[in-house]
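Read through the structure below, which is laid out as structure tokens, and then see the notes.
The values are calculated or read from the model by the stated rules, or taken from the named source; none is laboratory data. All figures in this text were calculated on a predicted structure; none of them were measured in a lab. All Cβ positions, even for glycine, are placed from backbone atoms using ideal geometry, and neighbour counts span all protein chains on display. Heads up: the accessible areas ignore ligands, DNA and RNA and are worked out on the full protein's heavy atoms, side chains in. Shrake-Rupley method; radii C 1.70, N 1.55, O 1.52, S 1.80 Å.
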Amino acid sequence: MRLHFEPLACLACGLCETVCSLQRDGVLTPMSSSVILHSEDKADYFGLVLKRASKGLVFVRPEGVTSDQPASDASGPGAKPILLREPCNLCDGDPKCAKICPTGCIAVED
Amino acid sequence: MHLVNGRYATLDLSSGEVQEHELQDDYTRSSFGVMATIDAAVASAGGAGFALASGILTGSLVPASCAGFIRIPHSESNPTRMCPLTGFMGVELKLTGFDFVVITGKASGDGYVWIRDGIIEFVASPEIHKCDSWERTDKIRSDQGDRKIQVVAGGPWGDHGLAASQLTMNYWGGEDRVGAAAELGRMGLSAVAFRGMGELELLDPEEHLARSLALMRSQIALLGPNDGLASFSEAAGRDDFRGLLHRNISCYACPFPCRSYYKLYEDAKVMTFDNKEPGYLVYDVPSVERMASLRMDAREIVEALKRCARYGAEPMAVVSALPADETGVDMTELDAVLISNGPAEPWSGSSSGGFSESFDDSSDYETCLALGLCPRYWARAGFNRDSVCSVAEPALGMKLDMG
């Protein structure tokens, strides 16, 4: 099982961040999630960064998805804060971010 | 208490004094209690000021639980005035550690209020009053080193205390149609900035998630396909708007956005970061419809909204001062109105589609804001009090009274 992303379906609603932290720590906050919403609001450039346990970062940018990026290459917008966070554990087989995503930007695939 | 911080702060700009106060345990019990508590807090702080507040459910998983609000309690010359805080502003404000802050008095020098991590202070910034509202946001984010800081800026029109001024929310406008920008100007305040990095506890996270999911899915099915601003504005459905459309973007937790970002000088369909023209995020439905009725095309409307936002000027008042003919509006004349501090009075004609016009019953608008829910979304999705209570109560751990 892994997460599949459709970048241009993202609305930047931030629910994936919040539900990730809720699943992990039982609190509402965007500060401890394994997925973060990055937004350059003045230029309307936004997307997601996902921290995985063994295969580095996934950048979900409007131009497309880039997987298996090592942390040392994480120089893209919004990459730095995620390095300090716990990696995604797919919610033990029931990813909540995919469940709550209103547009299907985040989905589960086997 | 769950879902809230349980405290608020007051800042007297005249003395610089900050006080923190605990909220009663039943603060989250009722939506009308929130407003009463805020009004009492402003009154006990001296009365002449305003509150920046989040709602009971702001930042939760309830659909469109994005809203915060500014509330200016009634005075001898004005009734109680409110405007929503949209985008991520409500959430960021709540995660500062305060459920609301009360600001009173008058600043002795130029600067802005800065709120984060349970701290509220006035930051002197001698040059900031020379900046337009966009430059204020850029400057504060740069000075404080965080591009996620939320900035509510008065702009030049607000500084002059003009009744037709409008607050700019980071870079965009459309929420303030009650003269809140002039209130900031009267208090000598260039902006209020905040960044939230806290957290909120819930009584029953799993049940709150399950019920929120079910509610959101049922609402998405009811609402149908989303078309961004064009779902709320007839004019925005025109081809000239579609040609400028870059992307639609929602506020926090909203599955049915009303906000569309338009680019004027770059290919709007190119998504790379190299293309980073500061276009304009449009959600000011009444202004779009008003300008479209004046035969302005999409390019003129977006450009006019952008220029108004930089000056902190309410767009409908600005265009009401312009001569319009079959060729639309002359941008040079629009600039002249902005530079000359334009019409002294706000737009008084009819309008529709504004946040405060979402419901026929204005009490529903106030209830939505007290709850932290976007009135525009909930008016469209159907403001069912039982549904809201059903998702809220597992998180709050108590019955919610919405009157």
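Details
- Set B:LYS139, B:LYS130: member being of a type in the set (Lys, Arg) and either at pLDDT below 95 or surrounded by fewer than 17 Cβ atoms within 10 Å (Cβ to Cβ) (or both): B:LYS130
- Residue check, B:ASP176 assigned to a loop (DSSP other than H, G, I, E, B) and either open to solvent by 30 Å² or more (accessible area, probe 1.4 Å) or at pLDDT 95 or above (or both): yes
- Helices (runs of 4 or more DSSP H) contained in segment B:52-160 and holding at least 2 residues of a type in the set (Gly, Ala, Ser): B:133-144, B:155-159
- Taken over segment B:282-327, the residue count meeting the criterion of being within 19 Å of B:SER352 (Cα to Cα) and within 14 Å of chain A (Cβ to nearest Cβ) is 3.
- Strands (runs of 3 or more DSSP E) (entirely within chain A) containing at least 3 residues that are more than 8 Å from chain B (Cβ to nearest Cβ) and open to solvent by 40 Å² or more (accessible area, probe 1.4 Å): A:64-69
- Pairs are defined by a Cβ separation below 6 Å, a sequence spacing of at least 6 or placement on different chains, a first member in segment B:306-320 that is touching a residue at least 60 places away in the same chain (Cβ under 8 Å), and a second member that is among the acidic types (Asp, Glu); the pairs so defined are B:ARG310/B:ASP132.
- Among residues of segment B:75-89 that are on the phi > 0 side of the Ramachandran plot, those with a Cβ under 6 angstrom from a residue that is not hydroxyl-bearing (Ser, Thr, Tyr), sequence gap 6+ or separate chain, pair up as B:GLY87/B:CYS251.
- Residue match in segment B:154-161 (condition: within 16 Å of the chain's Cα centre (by Cα) and open to solvent by 10 Å² or more (accessible area, probe 1.4 Å)): no
- Flag: B:GLY185 matches the condition of being closer than 28 Å to B:SER77 by Cβ, open to solvent by 10 Å² or more (accessible area, probe 1.4 Å) and part of a helix (DSSP H, G or I).
- Per the listing B:THR37, B:THR80, B:THR86, the residue uniquely within 14 Å of chain A (Cβ to nearest Cβ) and of a type outside the set (Phe, Trp, Tyr) is B:THR86.
Every residue, every condition in (1) crowded, with 18+ Cβ neighbours inside 10 Å; (2) within 14 Å of chain A (Cβ to nearest Cβ), yes or no:
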site	(1), (2)
B:VAL192	yes, no
B:LEU200	yes, yes
B:GLU206	no, yes
B:GLN219	yes, yes
B:SER231	yes, yes
B:ASP239	no, no
B:HIS246	yes, yes
B:SER250	yes, yes
B:SER260	yes, yes
